[in-house]
Amino acid sequence: MDFSCIEDCSKCCIEREYYPTKKFGKVGVLILPDEKKKIELLAEKNGIKVTILPRIGISEKSDGPDTILAYQMMGKDPNGNTCPFLDMKSSKRSPHGGYTCKIYDSRPLACRTYPVIESTPLTLDSKCKFCEICNTPTGNVDSELESLIQIKDKMKTDAPYIWRYATGMGELQDKDLIENGWFLV
Ligand code: SF4
Ligand code: SF4
């Protein structure tokens, strides 16, 4: 069965997950360093406030990251959900009936990749609604795979130390578990 979005679904633009554990808080949309400025300008142009935090850092020494490999655009809700570019106010809908993205033609590579999370073997994110009916599509994921390859290429590193940023965002009931700042992984 070919991949296609489920009717009326906007789940991947709304729900954010704790990754890799609650300690790291909810993650945002992955933003590569060369995408950050563009996203900030698009936000300004659309009158939207965006919060872009670091996501992955690297270093030669163990005393803290010296280069940011990836950033993340946080959800606008206090619990870390809902992409600030998702248009939930207008009556406009995407071809499959979901809410529209205000920057669809310029959306980040990570959004172009979803729901594909691995190429060999082809793996979709189990949280994508399409996975409720099919885990491994037979086709229609070529552009998603291409975007995934681009992300992997740009994030390749031989650095001896890799750091992950804890966002401090999540559900109120989890606040004692969620941390904020860099951790060596
Ligand atoms: S990619 Fe998956 S979760 Fe996102 S809108 Fe399509 S079906 Fe829904
Ligand atoms: S930038 Fe657009 S496609 Fe990406 S998560 Fe936000 S609303 Fe969805």
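The values are calculated or read from the model by the stated rules, or taken from the named source; none is laboratory data. Not measured: the values here are computed from a predicted model. Every residue, glycine among them, receives a Cβ derived from its backbone with ideal geometry; neighbour counts consider all protein chains shown. Areas reflect the complete protein model, heavy atoms only, side chains present, ligands, DNA and RNA absent. Shrake-Rupley method; radii C 1.70, N 1.55, O 1.52, S 1.80 Å.
Criterion applied to D34, D2 was being farther than 16 Å from Y104 by Cα, open to solvent by 70 Å² or more (accessible area, probe 1.4 Å) and within 16 Å of ligand 1 (Cβ to nearest atom), and the one residue passing it is D2.
Filtering segment 64-76 to residues that are open to solvent by 50 Å² or more (accessible area, probe 1.4 Å) and under 17 Å from E171 (Cα atoms) leaves only K76. Of all residues in segment 85-105, those being exposed (fewer than 14 other Cβ atoms within 10 Å of the Cβ) and either more than 19 Å from I6 (Cβ to Cβ) or more than 10 Å from ligand 1 (Cβ to nearest atom) (or both) number 9. Among the numbered criteria (1) surrounded by 12 or more Cβ atoms within 10 Å (Cβ to Cβ); (2) farther than 24 Å from I68 by Cβ; (3) within 16 Å of ligand 2 (Cβ to nearest atom), which single criterion is violated by Q150? All conditions are met except number (2). The single condition from (1) open to solvent by less than 60 Å² (accessible area, probe 1.4 Å); (2) away from ligand 2 (no atom under 16 Å from the Cβ); (3) basic (K, R) that K23 fails is (1).
Screening the candidates G47, G80, G57, G64 for the property of being in contact with a Gly (Cβ under 6 Å, 6 or more places away or on another chain) and of a type in the set (G, A, S) yields one hit, G80.
Inspect segment 41-63 for any residue being within 16 Å of ligand 2 (Cβ to nearest atom), surrounded by 13 or more Cβ atoms within 10 Å (Cβ to Cβ) and in a helix (DSSP H, G or I) and give the result as yes or no. Yes - at least one qualifying residue is present in segment 41-63. Whenever a residue of segment 104-115 is farther than 10 Å from I31 by Cα and polar (S, T, N, Q), its partners that are more than 6 Å from ligand 2 (Cβ to nearest atom) and open to solvent by 70 Å² or more (accessible area, probe 1.4 Å), lying with C-beta atoms within less than 8 angstrom and at least six residues away or across chains, give the pairs S106/K38. Annotation note: Cβ proximity below 6 Å between a residue of segment 57-82 that is at positive phi and a residue that is not charged (D, E, K, R) (sequence gap 6+ or interchain) occurs for G80/M169; G80/G170; T82/I14; T82/G75. Residue-level analysis places G80 among those that are more than 16 Å from ligand 1 (Cβ to nearest atom) and not in a helix (DSSP H, G or I).
Scanning segment 113-132 for residues that are open to solvent by less than 70 Å² (accessible area, probe 1.4 Å) and outside any strand (DSSP E or B) returns T113, Y114, P115, S119, L122, D125, C128, F130, C131. The residue pairs whose first member lies in segment 1-20 and is basic (K, R), whose second member is within 12 Å of ligand 1 (Cβ to nearest atom) and open to solvent by 60 Å² or more (accessible area, probe 1.4 Å), and whose beta carbons are closer than 9 Å, counting only pairs six or more residues apart or on different chains, are K11/K127; K11/K129. Among the residues of segment 64-77 satisfying the criterion of being part of a loop (DSSP other than H, G, I, E, B) and under 19 Å from S10 (Cβ atoms), which is farthest from the chain's Cα centre (by Cα)? Residue satisfying both the conditions and the ranking: D77.
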